1. Of the conditions (1) touching an Asp or Glu at 6+ places or on another chain (Cβ under 6 Å); (2) more than 30 Å from GLU282 (Cα to Cα); (3) part of a loop (DSSP other than H, G, I, E, B), LEU133 clears all except one; give me its number.
2. Based on this model, can you work out whether GLY274 counts as buried (at least 19 other Cβ atoms within 10 Å of the Cβ), of a type in the set (Gly, Ala, Ser), over 16 Å from the mean Cα position of the chain (by Cα) and closer than 23 Å to THR85 by Cβ?
3. When you scan region 142-161, do you find a residue that is surrounded by 18 or more Cβ atoms within 10 Å (Cβ to Cβ) and closer than 27 Å to GLY224 by Cβ, even just one?
4. Given the conditions (1) out of contact with any His (no Cβ under 7 Å at 6 or more places or on another chain); (2) modelled with pLDDT of 95 or more; (3) at negative phi, which single one is not true for LEU20?
5. Among VAL59, VAL86, which is the only one that is within 12 Å of the ligand (Cβ to nearest atom), buried (at least 22 other Cβ atoms within 10 Å of the Cβ) and within 17 Å of the chain's Cα centre (by Cα)?
6. I'd like the full set of residues that are assigned to a strand (DSSP E or B) and within 14 Å of the ligand (Cβ to nearest atom), limited to region 89-106.
7. Among the residues of region 39-56, what is the count of those that are part of a loop (DSSP other than H, G, I, E, B) and away from the ligand (no atom under 16 Å from the Cβ)?
8. Looking only at region 174-216, how many residues end up being crowded, with 20+ Cβ neighbours inside 10 Å, free of Cβ contacts under 8 Å to residues at least 40 places away in the same chain and within 20 Å of the chain's Cα centre (by Cα)?
Amino acid sequence: MSNVEVDPAELRCATADHDLPQVDVLSARDVPLGGPRAMTVRRTLPQRARTLIGAWCFVDHYGPDNVADTGGMDVPPHPHTGLQTVSWLFSGEIEHRDSLGSHALVRPGELNLMTGGYGISHSEASTTRTTILHGVQLWVALPEEHRHTDRDFRHYVPRPVRVGGAEIRVFLGSVAGDTSPVRTFTPLLGAELVLEPRSTTTLPVEAAFEHGLLVDQGDVRMTGTLLRPAELGYLGTGIDTLTLTNETDTPARAVLLGGTPFEEHIVMWWNFIGRSHQDIAEAREAWENASDRFGGVEGYDGDRLPAPALPHATIAPRKNPTHR
Ligand code: MN
């Protein structure tokens, strides 16, 4: 017997302490973003062991990269459907343009949330002012009743709140006594946490939510399980308190994601989320034919991204494997 899986997901099921809820440790795989020098991102969602955390369905983590070495980010106009994108930076600056006519600079500590809905297109490029590029790009799946909603773009700058040794920026949902005013289509949480060296922070959280903690820097113990940089710790529902300890002598940083389990089966392919192979084929066709469905991006210097060829096999819907 041989494992024919070319991209096996690593799943470390730690926790020897039987009183603590189980944290699944999801490891990242490196994915080139494309472009002349091909900046690489670390992708922890989706993967074989997990498709979604709440409605969060895509987690890309990158940097700190010196753009002189990597070429930075340069993603030509491309479409999205059935999802929202969240851009969150730790350092650097990205210029965003979309088919709503939005032209925005994405900066550290500032939420930029784009709703694709029925269809949008956008470009993303790090600016010439950027030396170190470092951040995350996250996607949110839209529920059936809202997945054809209008395009939208929101910008919001959360004020940091302090809880013990943690500084927290709540960009979506509520935690640590702060609430983001930005609307979501399912109950969601998104926050950046900076933890002082050797500090422990206890956060009350929604028991109806499942949670993910993406560690950016430092080693962070999440309710008994140690997470290293670039790992995503997953905790299922039924927990009303999260205990996070920075086990290092320097500040740690992490992104906390949460939401009520997203029960719909989705089909994710390229930049589209639908419910069937047919949905994906139609979206691809519309993009290739420059349909109004996605509109046009003004001001980007270069060509738009062509869609890859559809796989010959029907793309099967995905749902989360059952959490043990
Ligand atoms: Mn995009």
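The values are calculated or read from the model by the stated rules, or taken from the named source; none is laboratory data. Small disclaimer: the values here were computed from a predicted structure and weren't measured. With ideal geometry, Cβ positions are generated from the backbone for all residues, glycine too; neighbour counts draw on all protein chains shown.
1. (3)
2. The answer is yes for GLY274.
3. No, every residue in region 142-161 fails to be surrounded by 18 or more Cβ atoms within 10 Å (Cβ to Cβ) and closer than 27 Å to GLY224 by Cβ.
4. So LEU20 meets the others, but not (2).
5. VAL86
6. Across region 89-106, the qualifying residues are ILE94, GLU95, HIS96, ARG97, ASP98, ALA104, VAL106.
7. Step one: filter region 39-56 for residues part of a loop (DSSP other than H, G, I, E, B), giving 39, 46, 48-49, 51-52, 54-55.
Adding the requirement that they be away from the ligand (no atom under 16 Å from the Cβ) leaves 48-49, 51-52, 54-55.
Result for region 39-56: 6.
8. Counting residues in region 174-216 that are crowded, with 20+ Cβ neighbours inside 10 Å, free of Cβ contacts under 8 Å to residues at least 40 places away in the same chain and within 20 Å of the chain's Cα centre (by Cα) gives 1.
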